1. Does residue 256 satisfy the criteria of being farther than 18 Å from residue 442 by Cβ, modelled with pLDDT of 90 or more and in contact with a helix residue (DSSP H, G or I) (Cβ under 8 Å, 6 or more places away or on another chain)?
2. Count, please, the residues in segment 579-603 that happen to be closer than 23 Å to residue 637 by Cβ and free of Cβ contacts under 8 Å to residues at least 60 places away in the same chain.
3. Based on this model, can you work out whether residue 163 counts as surrounded by fewer than 18 Cβ atoms within 10 Å (Cβ to Cβ) and not in a loop (DSSP other than H, G, I, E, B)?
4. Of everything in segment 116-136, what is within 41 Å of the chain's Cα centre (by Cα) and part of a helix (DSSP H, G or I)? Give them in sequence order.
5. When residue 286 is evaluated against the numbered criteria (1) touching a strand residue (DSSP E or B) at 6+ places or on another chain (Cβ under 6 Å); (2) buried (at least 22 other Cβ atoms within 10 Å of the Cβ), which criterion, by number, is the only one it fails?
6. What number goes with the only condition from (1) surrounded by 13 or more Cβ atoms within 10 Å (Cβ to Cβ); (2) at pLDDT 65 or above that residue 409 does not pass?
7. In segment 228-253, which residues are assigned to a helix (DSSP H, G or I) and modelled with pLDDT of 85 or more?
């Protein structure tokens, strides 16, 4: 055989050894493990030889590694386990078995297991003599690493290892197992089979150089990975390894509030900026608008503003939402109240130095120190202001405080208590602001409003309950010996007076309900109002209420138990609402007590009422009555 043929056969044999199934499986498993950024960040080498060749954990070639060749060296210099898959030493080198066959997923698990020993500080690099961990420490550390790998989702453990691991730190597990013995399923759960998979060696680096800190490197890698994952979730990255998407100026402005301005930081953290040019064009949003119920600020991304101006714009909208300007206006004109709130909010932002006010927004130094309601009263008395189309961030003649969200949202994602969310955000922000004297002073009017928010008004149902307690009489029992007590049989020789409710006492414990059943009534309003009435009537032992349904004419339903009123409601017609005939019917009824109060439930689209006895109104939030109410008005939310 010629020399050329022999050389060709030797080259072919080397190529076959390089391309054996065990090598292919190991290479695939190593590549899969190195796809994890936290593991790849460890400056470790992975060797499948007994010498110095190999591949670094970051994918670069180590000294002596030639291409993808892994020589099978099982001599005494090899630190690979004799029967397991891999072992790691304190130099940051993972020694894989040179000839063992395993699935790629098992190699991925073995490499990750060894690298996590480095990251958890189980193989620290140090000079001098090293003491190897005993079998209890080794088993406890392997159990902790495997428990982390179960949730880490990297690779698949070899057959025979448990699926779950005990809780506790490695020190607690080691102490417990020294006392009680190591359970059989946890004694050999490492990557080296029945051998220790961590080898501590003395560090002999150059004098004056510090040994590598594997634990700190892994902690930094985890922090970077979590930050990248959050940026992927927030849309700032396409993938964990992708480049950051450049932040837009309104995103930088919102992040500035969260990180650098505690007064509005809590509110900003719960707000979402919706930058949609088509949405802004469809709803005539020139720059920005806010919906407090959805926690969304709608902006026009085509508008060119500096970062300082976007801070001012977002702060303006967040104060609208946090101070509940949409709900506080009550029966006032929505646009004029929005203008009044803009004057106040813009003055506060300029006084606090938050950003730079864009040109065209409303500001009048003569209104400094006034509340929104006081400014509204001044504007309402000035006919010249009412005729002008003043500009808000939404545009001229349009209010930037929206009554409903512009994009559909999941009802389950809404805040359970918006008032509590905004109140808590402002109150905590004010506390943080006042702790740091270097942040400057706040406008006295803004501080006063935030303090007032800390004492919110009673909700409508609580005030309705007080009204029931004050004006709806409660039946008082009468004691009499003519009726034996229930406990009389227990003491036959001792007479006991019984208690009962006289018919005349029950008859006076009632109230009247005039219910607007026209087509304009909201079913949600009816449900909330009637539910509250039924609960309070039962609490006060009111057997029945006198009910009159009204639309174009009254319908006398007689006395109904409070719990049955909702089942009798029928939306009768759409011919308008006349409530006064229903009120007159109750006042002229012979069987309706003269001292009984009347509760009128309407949406405000009714005639002018005159009620001569004690009465109250239940109307939707934001609705107004076409007359001056002489009784209390409860606004249902």
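1. Working: farther than 18 Å from residue 442 by Cβ: no; modelled with pLDDT of 90 or more: yes; in contact with a helix residue (DSSP H, G or I) (Cβ under 8 Å, 6 or more places away or on another chain): yes.
No; evaluated as a whole, the condition is false for this residue.
2. Going through segment 579-603 one residue at a time, the tally reaches 0.
3. Numbers: surrounded by fewer than 18 Cβ atoms within 10 Å (Cβ to Cβ): yes; not in a loop (DSSP other than H, G, I, E, B): no.
Criteria not met by residue 163.
4. First, pick out the residues of segment 116-136 that are within 41 Å of the chain's Cα centre (by Cα): 116-124.
Listed by number, the residues that qualify are 116, 117, 118, 119.
5. (2)
6. (2)
7. Within segment 228-253, the subset assigned to a helix (DSSP H, G or I) is 228-233, 249-253.
Hits for segment 228-253 are 249, 250, 251, 252, 253.
Residue by residue, here is whether (1) assigned by TED's automatic domain parsing to the domain that holds residue 257; (2) surrounded by fewer than 21 Cβ atoms within 10 Å (Cβ to Cβ); (3) without any contact (Cβ under 8 Å) to a residue 60 or more places away in the chain holds:
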position: 275; (1), (2), (3): yes, yes, yes
position: 290; (1), (2), (3): yes, no, no
position: 304; (1), (2), (3): yes, yes, yes
position: 308; (1), (2), (3): yes, yes, yes
position: 312; (1), (2), (3): yes, no, yes
position: 315; (1), (2), (3): yes, no, yes
position: 322; (1), (2), (3): yes, no, no
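The values are calculated or read from the model by the stated rules, or taken from the named source; none is laboratory data. Please read these numbers as outputs of a predicted model, since none were measured by experiment. So basically every Cβ, Gly included, is an ideal-geometry build from the backbone, and we count neighbours across all protein chains shown.
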